[in-house]
Amino acid sequence: MERYDVVVIGGGVIGCAVLHELTSHGYTCVLCEKNAELVDEASSGNSGMAHTGFDAHQFRELQLLKAARKLNTNVYRKYEVPHKMTGAVLVAWNQDELAKLPGIVRQSHLVGVTDVRQISQKALREMEPHLSHDALGAVIIPGETVVDPWLLPIRLAHDALQHGAQIFRNCKVTDGYQTTTNDWLLTTTRGQLLGKAVINCAGLYGDEVEKINKESSFQIMPRKGQFAIFERSPKELLNGMILPVPFNQSYKGIIVFPTVYGNIVVGPTAEDQESRIDRSTDKETIDQLVNYARKTVPALRNKNVIGTYAGIRPATQAKDYHLITHKNRSWITVGGIRSTGVSACLAIAVHVKDEVIDKLKIQPSNNSPHSRSKVAGQQRSSIRVDPKGHLLMDGYSYKITHPLSRAGLLAKPKL
Ligand SMILES: Cc1cc2nc3c(=O)[nH]c(=O)nc-3n(C[C@H](O)[C@H](O)[C@H](O)COP(=O)(O)OP(=O)(O)OC[C@H]3O[C@@H](n4cnc5c(N)ncnc54)[C@H](O)[C@@H]3O)c2cc1C
């Protein structure tokens, strides 16, 4: 049986980023994904935004969003992941909200997002001419970015594959124990696996997978978010995201935003539910979202809704990430990455790699510049999209599971 340095459980945006980071540092890695496709749970139902963290309050989330700001754009460029720093305006629709804007600017500066500033009603109208004239003023957050949220993890996973990592789909990790030599012997639906360390990136099942190690310190509390997608417009109706003044610290509220491919989207809601799999949308909620979008941007009254979708956040009883290194167990928990996983995944991955080196004291088996050099100088990946919604890259086929990426990439079959 092959003995890997690291076994990553879960092929969402977090697991793919962790796999990429560890592989590129010479670790021999395997990623186990229980589904037939990568990126098919929480990571396939998000808004596709890389947030700056201007409104983040939780310690670890804030720390990692800050670190991610320095990494994201370079990685998007390196892997040719479509992205656009559209910025966002957080709009006041009444006097009470207007009075809150200076506090939002102060708070953003306190957490290090210092380019956030208040703008007048006139400046807002110039910036977003199609926004309802009921808007009284706004705070602008220039660094907010829209990105293809599916292509990012797929490019990371694909790069890891190219550098020797293994990815097993339809491979559910069901049990495991630490052997007398401290290795992990994991039982999966595809047989047994041996690894020196395990990284739990199981998203909506993070608490269940955690029990393989020890009693979970967190419980997943699924939170659904519904969206409606409008047809594309020949003329851009929005330059950036339109945020409401938030009414609590853990939910941004309903956003009207352009995707990186030019559709306008409204959502997400925040609905607590028992189910970890129910991603249905309902007419009443979608109608409310569509009405809100049309009130916010009146020109959307002439635009059809071409689709709806929902995602489920892996929320927990706490608001912050559950990043736990179980030093003597050679196990790292990356749980409860509730609503900023796309934004922070690269920094989370660097954090995990540092913990593997510093706390678990595991050296990479390939510590020469690794099979990293295996594809050095190779041609750019050949990428195309087939009409059935698969991305074909270097002989591999990836089903496009995210509705926003699917809508965008199918309309643009060649990257
Ligand atoms: C409505 C909504 C809007 C959002 N908007 C944004 C946004 O704009 N920007 C942003 O940064 N973030 C956003 N997020 C948050 C982001 O999507 C999540 O933080 C992220 O997807 C979490 O990724 P993950 O890899 O932890 O979980 P997942 O994507 O759920 O991945 C976990 C994987 O583990 C697999 N797995 C589970 N158990 C096992 C097992 N036993 N064996 C093998 N595999 C297993 C699952 O099948 C799954 O593929 C949003 C989320 C939602 C739902």
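Scan region 175-189 for residues that are in a loop (DSSP other than H, G, I, E, B) and more than 10 Å from the ligand (Cβ to nearest atom) and jot them down. Listed by number, the residues that qualify are T179, T180, T181, N182, D183. Among the residues of region 94-123, not one is more than 23 Å from R69 (Cα to Cα), exposed (fewer than 13 other Cβ atoms within 10 Å of the Cβ) and of a type in the set (V, I, T). Pairs meeting the criteria (first residue in region 140-168 and among the polar types (S, T, N, Q), second residue assigned to a loop (DSSP other than H, G, I, E, B) and surrounded by 24 or more Cβ atoms within 10 Å (Cβ to Cβ), beta carbons under 9 Å, at least 6 apart or on different chains) are T145/H51; T145/T52. Applying the criterion of at least 3 residues that are touching a helix residue (DSSP H, G or I) at 6+ places or on another chain (Cβ under 9 Å) and touching a residue at least 12 places away in the same chain (Cβ under 8 Å) to the strands (runs of 3 or more DSSP E) found wholly in region 245-315 leaves 264-267, 305-313.
Would region 56-64 turn up any residue that is without any contact (Cβ under 8 Å) to a residue 40 or more places away in the chain, outside the structural domain of R338 (by TED's automatic domain parsing) and surrounded by fewer than 16 Cβ atoms within 10 Å (Cβ to Cβ)? Among the residues of region 56-64, not one is without any contact (Cβ under 8 Å) to a residue 40 or more places away in the chain, outside the structural domain of R338 (by TED's automatic domain parsing) and surrounded by fewer than 16 Cβ atoms within 10 Å (Cβ to Cβ), which makes the answer no. Checking the condition at positive phi, surrounded by 24 or more Cβ atoms within 10 Å (Cβ to Cβ) and assigned by TED's automatic domain parsing to the domain that holds I167, which residue from G26, G15, G45, G10 passes? Result of the check over G26, G15, G45, G10: G10.
Give the residues of region 140-160 that are under 20 Å from the mean Cα position of the chain (by Cα) and hydrophobic (A, V, I, L, M, F, W, C), sorted by residue number.
Those that are under 20 Å from the mean Cα position of the chain (by Cα) and hydrophobic (A, V, I, L, M, F, W, C): I141, V146, V147, W150, L151, L152, I154, L156, A157, A160.
For region 308-347, a residue qualifies if it is on the phi > 0 side of the Ramachandran plot and more than 9 Å from the ligand (Cβ to nearest atom), and exactly one does: S330. Within region 240-256, is even one residue farther than 24 Å from L101 by Cβ and surrounded by 19 or more Cβ atoms within 10 Å (Cβ to Cβ)? Among the residues of region 240-256, not one is farther than 24 Å from L101 by Cβ and surrounded by 19 or more Cβ atoms within 10 Å (Cβ to Cβ), which makes the answer no. For region 215-238, indicate whether the set of residues that are near the ligand (Cβ under 10 Å from one of its atoms), assigned to a loop (DSSP other than H, G, I, E, B) and polar (S, T, N, Q) is non-empty. No, because not a single residue in region 215-238 is near the ligand (Cβ under 10 Å from one of its atoms), assigned to a loop (DSSP other than H, G, I, E, B) and polar (S, T, N, Q).
The residues on offer are G195, G191, G206, and the sole one that is within 26 Å of the chain's Cα centre (by Cα) and outside the structural domain of W93 (by TED's automatic domain parsing) is G206. Each residue in region 139-169 was checked for being among the polar types (S, T, N, Q) and more than 14 Å from K78 (Cβ to Cβ), and 2 of them qualify.
The values are calculated or read from the model by the stated rules, or taken from the named source; none is laboratory data. Small disclaimer: the values here were computed from a predicted structure and weren't measured. Neighbour counts run over all protein chains shown; Cβ positions are idealised from the backbone, glycine included.
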